[in-house]
Amino acid sequence: MSPRSDHHSRHGQTAQPVDDRLAFWARQAGELDWDTEWSEVLDWSDAPFARWFTGGKLNVAYNCVDRHVAAGHGDQVAFHWEGEPGDTRTITYAELRREVCRTANALLSLGLRAGDRVAIQLPMIPEAVFAMLACARLGLPHSVVFGGFSPAALQSRIEDAGARLLITSDGQYRRGRVEPMKANTDEATRDTPGVEHVLVVRRTGTDVPWTEGRDLWWHELVDVQSDRHEPEAFDAEHPLFILYTSGTTGRPKGILHTSGGYLTQAACTHRTVFGLDPDTDVYWCTADIGWITGHSYIVYGPLANRTTSVLYEGTPNTPHEGRHFEIIEKYGVSVYYTAPTLIRTFMKWGEDIPARHDLSSIRVLGSVGEPINPEAWRWYREHIGAGRAPVVDTWWQTETGAVMIAPSPDSPSFKPGSAQTPVPGISAKVVDDQGVEVAKGESGYLVLDQPWPSMLRGVWGDDDRYRQTYWARFAAQRYYFAGDGARYDDDGDIWLLGRVDDVMNVSGHRISTSEVESALVSHPAVAEAAVVGASDATTGQAIVAFVILREGAGGEVSVDGLREHVAREIGPIAKPRRILVVPELPKTRSGKIMRRLLRDVAENRQVGDVSTLADASVMDRIHAGLADAS
Ligand code: WTA
């Protein structure tokens, strides 16, 4: 066997040979219901554009809903939905099928046909799931936009995807208050002539602006439709959805996912990572459907596996800080999947809060979104998992579509803070600058060295950006560059170290420094801006901005005004924690901003090596200015 063979990694563990990996994925795909069998598992001839299960045809919504009803599970609960104000709804698989069919018939009545794009901005209400599945059923790629995004952010996503329909609601509940939604989406659709209709769910009963002819109430259009609809099978590579995510440049990228491979890996990982038993488990993923975690682990993976899930509309501390634990107790949740930022918030609120509830139903705990620090890992296991539930730390990305690295729930060695090993069928490596795998105990860049079924199929409308962003860094090896740093420990297990690019991770949300910088410089008073992510004990990172004001603007602009401006441009999640007004920014001779030095300032550290600065005294002037201001 040649030393470069796939059969042995440097670490002496036996990696899966390629043929076995493809056979593994073919078996996993076989768990789904296909209308037409595929002819080839993987076509990588046009790399980095992959085609999985070529020639195969299936209907994603049929796989998530109808087939379970056909198999006699119509009475099984698909969702226990909890509204923020305390209203509830129980949706069985039979009812889910009827709702999805009605919604699909409504979309057909609007003239939508396979391939048309639909934008969705909705709170965490059942209609969000019905809408996504109705789109999947009709082959309409959906683009779900997080409810917290600004009208400007929604508008650019609608335009980029060329959406014909927008589905939204009148308002949303947020920490006990009613907030407008339709008013915001109207602002977003003022200049988007491509949007022919806006379908509006009545959730809060608030008054909304209305455009006759364009706007339609969900309850008037959808509820009167037939609850029967014959699904059509689509090609395995038919686009399922576009989901926008921050990259290193200002404009968000539309990550494209397709049908057969995506559903195969979302379902398989959901089943294996949590050891899911559809007959006994009650599963709850606390993400919002506006993020990839909501797509893969609230909607597609769990439903393909006939899971009974909890779907919760509200925030964790409304009306009180025990709300999640109350819900776990009420429904007997056995698998709970959340983000480290929330775990750290629970820690801050205190362990006596979960202690007041019976959490004995918990069997497995999951974590996603950012590296989980060992203290949070231990607290999670101890206080939510009764000291015995395994904690599975799952590493993946919008681009990977599904979990890539995670310990198996019955793994004998749990390492707090380590995602450990690629899941079955997946291959990942930690490499140095040259793309050479690093030794045990060393760190480098995380790469995915083999294609995987739920991989992104591209960036919507921009093939070049897809190649440049993910495949140019290690082009010689044809490795996918994830943008994360990682380390092998002495056992060869993987530890994630955070982003190595200009993407920040705030409460598990990806926000690029340049996106926030663009928002800041779009304010008339700002001449220049540089943004860094400073470590934060609760949110992982906090956004800190350094701005240079325009001459004469000093008196008229407040730092709070600038923070609000960013919230309006992008959304409240992108609002900088701190904005420091500075006279200059540290730059290299080639004009590149040295964020490392700004990060030192933001984290109150001794400023590091300034020798590559064009003008080494800049940092002194920044410090002097900040001292004056305080
Ligand atoms: C980070 C979320 C460490 C990482 C599913 C990645 C993590 C980015 C983990 C993707 C984890 C996610 N450990 N880091 N378990 N999970 N990340 O696209 O930096 O919103 O590149 O997908 O989050 O964020 P995204």
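Couple of notes before you dig in:
- Once C-alpha pairs closer than 8 Å and six or more residues apart are averaged by separation and normalised to the residue number of the range 178-259, the relative contact order reads 20 percent.
- Taking packing as the residue-averaged number of other Cβ atoms within 10 angstrom, the listed peptides 47-58, 233-244 run from highest to lowest as 233-244, 47-58.
- Scoring 297-304, 283-290 by mean Cβ neighbours within 10 Å over their residues and listing the highest first yields 297-304, 283-290.
- Over the range 448-512, Cα pairs under 8 Å with separation of 6+ residues give a relative contact order of 20 percent.
- By DSSP, the beta bridges lying fully in the range 489-619 are antiparallel in about 80 percent of cases.
- Rounded if a/c under 1.5, otherwise prolate or oblate - the chain, Cα gyration tensor axes: rounded
- Of the trypsin sites (Lys or Arg not before Pro) in the range 111-154, the ones in a loop by DSSP (not H, G, I, E or B) with at most 16 other beta carbons within 10 Å are ARG113.
- For the range 59-147, a/c is not less than 1.5, where a ≥ b ≥ c are the root eigenvalues of the C-alpha gyration tensor, and a/b does not top b/c. That puts it in the oblate class.
- Solvent-accessible area, 1.4 Å probe, carbon plus sulfur percent, for the range 457-572: 46 percent
- Relative contact order of the chain, defined on C-alpha pairs under 8 angstrom at six or more residues apart (%): 11 percent
- Assigned charges on the beta-carbon of Lys, Arg, Asp, Glu; the range 442-590 dipole about Cα centre (debye): 300 debye
- Ranked by how many other beta carbons lie within 10 Å on average, peptides 423-430, 253-260, 139-146, 222-229 from highest: 253-260, 139-146, 423-430, 222-229
- DSSP bridge analysis restricted to the chain gives an antiparallel fraction near 60%, rounded to the nearest 5.
- Average accessible surface area per residue within the chain, 1.4 Å rolling probe, Å²: 38 Å²
- Of the GluC sites (Glu not before Pro) found in the range 292-399, those in coil by DSSP whose Cβ has at most 14 other Cβ atoms within 10 Å are GLU351.
- Computed [θ] at 222 nm, deg cm²/dmol, the chain (DSSP H ≥ 4; -39,500 (n - 2.57); rounded to nearest 500): -7000 deg cm²/dmol
- Think of each Lys and Arg Cβ as +1 and each Asp and Glu Cβ as -1; about the Cα centre, that makes the dipole of the chain roughly 520 debye.
- Looking at the range 361-490 alone, DSSP beta bridges between its own residues are antiparallel in about 75 percent of cases.
- Rounded to the nearest 20 debye, the dipole size of the range 46-105 about its Cα centre is 380 debye, using +1 on the Cβ of Lys and Arg and -1 on the Cβ of Asp and Glu.
- Percent accessible area from carbon and sulfur atoms, the range 37-188, protein chains only, probe 1.4 Å: 44 percent
The values are calculated or read from the model by the stated rules, or taken from the named source; none is laboratory data. Quantities reported herein were computed from a predicted structural model and do not represent experimental measurements. No Cβ is skipped: glycine too gets one built from the backbone with ideal geometry, and neighbour counts run over all protein chains shown. Only protein heavy atoms, including side chains, enter the accessible area calculation; ligands, DNA and RNA are left aside. Shrake-Rupley method; radii C 1.70, N 1.55, O 1.52, S 1.80 Å.
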